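Take a look at this one; I'll ask things after.
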Amino acid sequence: MEKLTIKQIHQDLVNKKISCQDLIKQYLSEIEKFDGEIRALLEVFKEEALAEAKLVDEKIKKGEALKSLDGIPVIIKDNLLYAGHHCSAGSKVLENYVAPYTATAVQKLKEAGAIILGRSNMDEFAMGSSTENSAYGVTKNPYDLERVPGGSSGGSAAAVAANFCVASLGSDTGGSIRQPAAFCGVVGLKPTYGAVSRYGLMAMSSSLDQVGPMANTLADTREIFEAIMGQDEKDATSKELPTLREKTLKGLKIGLPKEYFAKGLDPQIEKNILQTIEKLKQAGAKIKSVSLPSAEYALAAYYLIMPAEVSSNLARFDGMRYGLSLKDQAANLIDVYKNSRAQGFGSEAKRRIILGTFSLSSGYFDAYYKKALQVQELIKQDFEKVFQEVDCLITPTTPTVAFKIGEKNNDPLQMYLSDIYTVSVNLAGLPALSLPNGLVDKMPVGLQIIGPHFTEHFLFSVGEQIEKINK
Amino acid sequence: MTITQNLIDHLANLAKLQLTAEEKERYLKDLSSILAYVETIQKLTVKQELKLTEEKTVNNWRQDMVSNCGEQIKERIKESFPDKKDNLLKVKGVFE
């Protein structure tokens, strides 16, 4: 089945070239045919999606105007609440959990008319870079079924790449939208911290988490982002975005941080990104080599700050109010906690809880957690300085293409290193876009554009120009 | 730093996690290698006067008022209770 854009679908529905019910049936049939192997989805809301499609058809029949996303099939990551639907965050703890309310980002998509087709697989509580940490099985990369789709939003990325939907929502704490987008050859945006409400997103690391869109085209990613962005009184950190003038390539100042083009980067990916840079230069952009001196400490700081927040956020899974509870097998209150958590959490969740408990515990707090916060401040300052010299930064999204399933499973540190180019952005709260930039060894490569806070519109306009010159 | 089995036990206890012997061994090994990596930040000299994460992003607070979430949400929340009595969440005794 051909990959359709939001604009095409909108026109086809308005011009009655296809009914919304037939459109949704086509996507459902793609899922049925291919998801047995890819396993991007944990659940498909079939009947509901068809019923909603029927309403769109009735609207068209009556000649009513369609909203921006009317009839557009979308898939949501399993850590976004959708009232009345199961929501497990890829964890056994929440196997039978039903969301009592709907996340703001999902609500906004619904209000714009989108049809939620299902929920996608993910690393447990968004902790992982390969979607191998899900309690519900491994998702495969549609480009090569022996490889991982990336993570933690691996199901959302694979679903878009496999054409199970037009767009999807993911969440990004250290690269969880951009890295799977790069691995699966789709577009992914990690918005500025505060650009999209986190209400109804299950918290992993609250100071770093953001909800963001993934789609096959930049225009569709933008459309979804514009539907979900903005202030929400239920998330005090959320804000309205300023409107920005779009820049042309002529005179655009692009920085290449030298720390991102260093040891550890696959030479073929380096070549691939530099070829695009060369084209941008020919189109009139000014390219400048810049330095982010604290970048080499970013991943280390991230693996102290994030687990600290994980250990406190996951404390709520105590077998008391919801989720898995071993109350009947426990003699006392403490054992309900300990046993429910032992049974419910997978190994990566436990690993990060222990690591986070360590960095917050008495005796280690100053040398680890506090020090990491200081490094975070230095990273923020590095970016601030660099953005006085250039308009945006371009880097590879990941140092390698998608790796093989099982390849990094027994070495957590190696797995963590696949986020090396993405975590700084979260630590500094910046927006970053990952764009497909051709193939290396038949696998997709991601190009990352990083901008100052709340410059998503600008990043999209730069992305569109890169898309054009790459054609 | 050297991670000991005692430290793992202490952390597991703080985190209210029951670990098997095999898990304890694995996390001892994992924590040692992860900490060896994250300790690189200690090489970075940070000036003491560096102000810590003074948030430039100001929170937008709403009025501190009780709002009603509606019956359906209340019902769903109650349905998630592992144990209940009438309209109340039931847990094991806190004081023994």
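Values in this text are rule-based calculations from the coordinates and carry no lab data. Please read these numbers as outputs of a predicted model, since none were measured by experiment. For neighbour counting, all protein chains shown are included, and Cβ atoms are generated from backbone atoms with ideal geometry for every residue, glycine included.
Output ³J(HN,Hα) for the stretch A:436-441: one whole-Hz value per residue in order, computed from phi by the Karplus curve 6.51 cos²θ - 1.76 cosθ + 1.60 with θ = phi - 60°, and x for Gly and Pro.
Running phi through 6.51 cos²θ - 1.76 cosθ + 1.60 with θ = phi - 60° gives x, 10, x, 10, 10, 6 Hz.
What would the Debye formula give as log10 I(q)/I(0) at q = 0.11, 0.16, 0.23 Å⁻¹ for the alpha-carbon point model of the stretch A:1-106, no solvent?
Calculated log10 I(q)/I(0) at the listed q: -0.41, -0.82, -1.28.
Lysines near B:K84 by alpha-carbon distance under 19 Å, same-chain residues fewer than 8 away left out - which ones?
A:K327, B:K74, B:K92
Less than 17 Å apart at the alpha-carbon level, and either on another chain or at least 8 residues along: which lysines does that give for A:K110?
In chain and number order, the partners are A:K46, A:K54, A:K59, A:K67, A:K77.
Could you pull out every residue, at least 5 positions away or on a different chain, whose amide H is within less than 5 Å of the one on A:L41? Hs are placed 1.01 Å off N in the peptide plane, and Pro or chain starts have none.
A:N121
Read phi for every residue in the stretch B:2-17 and hand back ³J(HN,Hα) as whole Hz from Karplus 6.51 cos²θ - 1.76 cosθ + 1.60, θ = phi - 60°, with x for Gly and Pro.
Going residue by residue, I get 8, 8, 10, 4, 4, 5, 4, 4, 4, 5, 4, 5, 4, 8, 6, 10 Hz, with x marking Gly and Pro.
Pairs of Cα atoms under 8 Å, at least six residues apart: use those to get the relative contact order of the stretch A:56-206, whole percent. Mind dumping the intermediate values first?
Details: 342 pairs, mean separation 35.2, N = 151.
That works out to 23 percent.
Do me a favour and compute the ellipsoid semi-axes for the stretch A:6-228 from its Cα gyration tensor, root of five times each eigenvalue, largest one first, whole Å. Present the calculation step by step, with values, prior to reporting the outcome.
Values: eigenvalues 135, 66, 54 Å².
Three semi-axes, in Å: 26, 18, 16.
For A:C184, A:C87, what ranking results if the residue with the fewest other Cβ atoms within 10 Å of its Cβ goes first? List each step's numbers first, then the result.
Details: A:C184 32, A:C87 24.
So the residues, fewest neighbours to most, are A:C87, A:C184.
Would you mind checking the pairs A:K250/A:K442; A:K92/A:K190; A:K3/A:K288; A:K25/A:K190; A:K263/A:K350; A:K7/A:K62 and listing those with alpha carbons more than 25 angstrom apart? Could you put the intermediate results ahead of the total?
On the way: A:K250/A:K442 32 Å; A:K92/A:K190 27 Å; A:K3/A:K288 37 Å; A:K25/A:K190 31 Å; A:K263/A:K350 31 Å; A:K7/A:K62 21 Å.
Where the Cα-Cα span goes over 25 Å, the pairs concerned are A:K250/A:K442; A:K92/A:K190; A:K3/A:K288; A:K25/A:K190; A:K263/A:K350.
Please rank A:S120, A:S312, A:S340, A:S130, fewest neighbouring Cβ atoms within 10 Å first, as an exposure proxy.
On the way: A:S120 34, A:S312 17, A:S340 25, A:S130 30.
Ordered from fewest to most neighbouring Cβ atoms within 10 Å, A:S120, A:S312, A:S340, A:S130 come out as A:S312, A:S340, A:S130, A:S120.
Could you run the Karplus curve 6.51 cos²θ - 1.76 cosθ + 1.60 with θ = phi - 60° over the stretch A:125-136 and give me ³J(HN,Hα) per residue in whole Hz, x for Gly and Pro?
Listing the rounded values in order: 6, 6, 9, x, 10, 8, 6, 8, 8, 7, 6, 10 Hz.
What's the exposure ranking of A:T192, A:T397, A:T237, A:T139, going from fewest to most Cβ atoms within 10 Å?
Ascending number of Cβ neighbours within 10 Å: A:T237, A:T192, A:T397, A:T139.
Rg(Cα) of chain A divided by 2.2 N^0.38 Å?
Numbers: Rg = 21.5 Å, N = 471, 2.2 N^0.38 = 22.8 Å.
Dividing the Cα radius of gyration by 2.2 N^0.38 Å gives 0.94.
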